[in-house]
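Beneath this line is the structure, given in structure tokens, with notes to follow.
Readers should treat all values here as calculations from the given coordinates under stated rules, not as data from a laboratory. The model shown is predicted, which means the values in this text are computed figures rather than measured ones. Cβ sites come from the backbone with ideal geometry, for glycine too, and all protein chains shown count toward neighbours.
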Amino acid sequence: MAQQYYADATADPESLLPETMESAAPAGVATGDYEQYIDDHTAGDANNNEDYIKEMEEERQQALAAVPEDVKKFIGAFHQAILGNDSAQISAMYEGGWNRLTQQYYAESEWPEAELLAPLVGGDQVFLTLYRELYFRHVYAKLEPNVDDRFQSYENICELFNLLLNSEEPVALDLPIQWLWDMLDEFVYQFQSFTAWRADIASKSSEEQQLLADNPQIWSCYSVLNVLYSLVQRSAINEQLAAEHAGSSAEEVAQIAGPYGSKPLYRNLGYFSLICLLRVHLLIGDPTLALQTLSNVHLSSEALFTKITACHVSTYYHVGFAYMSLGRFPDAVKAFVGALIYFNRMKSFHTRSYQYGSISRQCDRMYALLAICTTLAPGPVDEGTMSAMREKYGEQLLTMQRGGEDALPVYRELYLSAAPKFLSPIAPPYETPDQLSAYASESEALDPHTRHADLFLSGVHASLSAPTMRSFLKLYTTIDAKKLASFMDEDEDDVLEKMMVLKSANRTFGSREGAGGSLLDGERMVVGNLDFTINGDAVSVAETTTNKRYAGYFIRNAEHAQRVLETIRAAPLPITRPAGQSVTTQGDAKSGAAGQRTAAGGARGGAPVTGARAGQTAKAGGAAGRTSGNPWAR
């Protein structure tokens, strides 16, 4: 059933490249050439040897028999759930069963290879491709991938995307939204891991260097971007989101989406590809293009990415860092604080999630970046978030707020530990040994992560004196420049120069609250909590942030308390009499008189009534009167 969609899955991964672009791979180099280096199986005459084939089959049967029965049953049930497009069952087995069996049997080893399990699923290549995606993800997460794993994971993911993109009609797969996000997120992570591994020239053997020289297209930046943009184009997700934001009807959106984009599989893959493009463009050092890819994605609580906690946190982390790289610190603070507030509210529901550890670590990095942003652009921040940030980075925060040269190492430490691991889109020249040796001697100086840190810290270094200057200016509304210079024990010209640096640092480009528009829209604004003007020798200082006023809150609540008190006083309060106390009320007197008249009438009618009996009747009448007159006795 599922094999009918696999006809085009064996196509060359470079077939994903659009016709208007040139392939990054040199002519004549086809995907799969590396197999001659990494295939450990014997070839040639041995393949025609029946004894050899029989021996290999016996070894395979023995290996399959060694697979635990629970794993075999899980694979069979997982296969049937995917064939039947049972979303609920697939989701339960993907998020629960797979992780449970991993912890039980394969916590420190690889899962069985797909070829070994092929007889259990009838050789279904679609399922085996999906299984390999989980297999390599486990290798990257729990083990140390070798060169075979890195190359084969690329080949498998290309087969999977060729299946989805090159089929004549939409693939009839219904995978959980969590799996689709994890698949693309892992795709970018493996690309990032391979790029970092490839850049480490000193650790490469001669065979590995030859592999990389013969296959430059493996995990190339060009092919990764092409896959993501192809998914976006195939799903028409940008057109769909633009139509939805414009208020188009569901029928109009479906017509724009076409046969592929109208399917949840392609729509969700296209949507998550936009999030992954944000990450990839940021990793290669283009924050502007990174934010531009989300021009049709609104950062709101109704957005699709909020349905997955890992995607939610990742989106805000990379958006915030992109703003931070552009110097838009207020926007970065809003992005970081929004994600951290969400995580703090929801973390109690995710403590048992298999992704809780990675999400928590990413939130810790956001706290570090938030400490940098709030120091460079002081302003109002959620008090709970600030308290948590002080608990984690209290000493570093105080050092940065004091300013001076001592703060620069702290900035560097936090930036290097919390920033994304930048990578270079250009591979080392393995195909040219002479150039490779020269490249290796300069590789440390060309490290992209260090270069980005140096670039960011060059802007920080110019404003290291800003905290001291700001602390003096807060004390005055008007001050003479010469007097300010005497306070700082510096020359007047140097103080004026530092004030101009502070003035420039306080100007940035940001978006107003509720302004809408794309992520790159905004206007010039003043950051920090004060602004100043210089007129001759006089410096006029004005606060730019208005402190929250609490008078109205207390007045409203005091008036409410007064109204409640007056209402209580106007209401009749019940009076409770002590036990045994007799109080004669008007109703009691009337009831007693009626009892006496009844007793007298009975006597005149011939029934003798004694004085004691008359008294008892009167007492009974009085008690009845007291009961009917007391509302609390009812």
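Which value in nm describes the separation of the simple spin-label points at Glu110 and Lys392, placed 7 Å from the Cα toward the beta carbon?
3.6 nm
Return the inverse of the average 1/r over all pairs of distinct C-alpha atoms in segment 404-509, which is the Kirkwood hydrodynamic radius, in Å to one decimal. Can you show the working numbers first?
Details: mean 1/r = 0.0584 Å⁻¹.
In segment 404-509 this quantity evaluates to 17.1 Å.
May I ask you to sort Ser223, Ser206, Ser441 by Cβ crowding, counting other Cβ atoms within 10 Å and putting the fewest first?
Numbers: Ser223 22, Ser206 7, Ser441 10.
Lowest to highest Cβ neighbour count: Ser206, Ser441, Ser223.
When the chain is fully extended, how far beyond the present Cα-Cα distance does Ala538 get from Ala213, taking 0.36 nm per residue of separation? Walk me through the numbers on the way to the answer.
Details: separation 325, 0.36 × 325 = 117.00 nm, distance 6.58 nm.
Stretched fully, the Ala538-Ala213 segment lengthens by 110.4 nm.
Is segment 264-394 best put as rounded, prolate or oblate by its Cα gyration tensor, with a ≥ b ≥ c the root eigenvalues, rounded for a/c under 1.5, and otherwise prolate when a/b is larger than b/c, oblate when not? Can you show the working numbers first?
Numbers: a/c = 1.96, a/b = 1.21, b/c = 1.62.
Taking the square roots of the gyration eigenvalues as a ≥ b ≥ c, segment 264-394 is oblate.
Starting at the first residue of segment 433-439, write each ³J(HN,Hα) from the Karplus equation 6.51 cos²θ - 1.76 cosθ + 1.60 with θ = phi - 60°, in whole Hz, x for Gly and Pro.
Listing the rounded values in order: x, 5, 5, 5, 5, 5, 5 Hz.
Taking H placed 1.01 Å from N in the peptide plane, check which residues at least 5 places from Arg507 or on another chain put their amide H under 5 Å from its amide H.
HN-HN under 5 Å from Arg507: Val527.
Tell me, Glu239, Glu115, Glu108 in order of fewest to most beta-carbon neighbours within 10 Å? Intermediate values should be presented prior to the final figure.
Working: Glu239 16, Glu115 11, Glu108 7.
Neighbour counts put them in this order, fewest first: Glu108, Glu115, Glu239.
Roughly what would the spin-label model give for Arg60 and Ala141, points 7 Å off Cα along C-beta, in nm?
Distance between label points: 2.9 nm.
At 7 Å along the Cα-to-beta-carbon direction for both Ile575 and Ser441, put a label point, then send me their distance in nm to one decimal.
Label-label distance for Ile575 and Ser441, simple model: 10.8 nm.
Could you list Ser230, Ser360 so that the one with the fewest beta carbons within 10 Å of its beta carbon is first and the one with the most is last?
Working: Ser230 19, Ser360 14.
Ascending number of Cβ neighbours within 10 Å: Ser360, Ser230.
Rounded, prolate or oblate: which fits segment 117-169 when a ≥ b ≥ c are the square roots of the eigenvalues of the alpha-carbon gyration tensor, with rounded for a/c under 1.5 and prolate only if a/b beats b/c? Before the final figure, lay out each step's value.
Working: a/c = 2.61, a/b = 1.41, b/c = 1.85.
Cα axes put segment 117-169 in the oblate bin.
If R0 is 30 Å, what FRET efficiency do you get for Ser295 and Asn85 from their C-beta distance, rounded to 0.05?
On the way: r = 33 Å, r/R0 = 1.10.
So the FRET efficiency works out to roughly 0.35.
Quick one: which residues, 5+ away or cross-chain, put their amide H under 5 Å from the amide H of Leu530? H built at 1.01 Å from N.
For Leu530, whose amide H was placed from the backbone, the distant partners under 5 Å are Thr544.
Loop-only GluC sites (Glu not before Pro) in segment 376-436, please: DSSP not H, G, I, E or B, and at most 10 other Cβ atoms within 10 Å. Could you put the intermediate results ahead of the total?
Details: sites: Glu383, Glu391, Glu395, Glu405, Glu413, Glu431; in loops: Glu405, Glu431.
Answer in residue order: Glu405.
Which ³J(HN,Hα) values, rounded to whole Hz and listed in residue order, are derived for segment 119-130 from phi using the Karplus coefficients 6.51, -1.76 and 1.60 in 6.51 cos²θ - 1.76 cosθ + 1.60 with θ = phi - 60°, glycine and proline given as x?
Coupling constants for segment 119-130: x, 6, 10, x, x, 5, 6, 5, 5, 5, 5, 5 Hz.
Across bins of 5 angstrom width beginning at 0, how are the C-alpha pair distances of segment 370-415 distributed, in whole percent?
5, 23, 34, 25, 10, 3
Quick check on my link table: of Lys421/Lys503; Lys72/Lys421; Lys334/Lys392; Lys334/Lys421, which ones sit more than 28 Å apart, alpha carbon to alpha carbon? Display every interim value, and only then the final one.
Numbers: Lys421/Lys503 32 Å; Lys72/Lys421 39 Å; Lys334/Lys392 19 Å; Lys334/Lys421 23 Å.
Correct reply: Lys421/Lys503; Lys72/Lys421.
Less than 16 Å apart at the alpha-carbon level, and either on another chain or at least 8 residues along: which lysines does that give for Lys482?
Partners found: Lys498.
Any chance you could run the full-extension gain for Arg524 through Ala551? It's 0.36 nm times the residue separation minus the Cα-Cα distance, nm to one decimal. Don't skip to the end; give the middle numbers.
Working: separation 27, 0.36 × 27 = 9.72 nm, distance 3.21 nm.
Taking Arg524 through Ala551 to full extension adds about 6.5 nm, to one decimal.
Any lysines with Cα under 30 Å of the Lys73 Cα? List them, leaving off those in the same chain fewer than 8 positions away.
Lys54, Lys142
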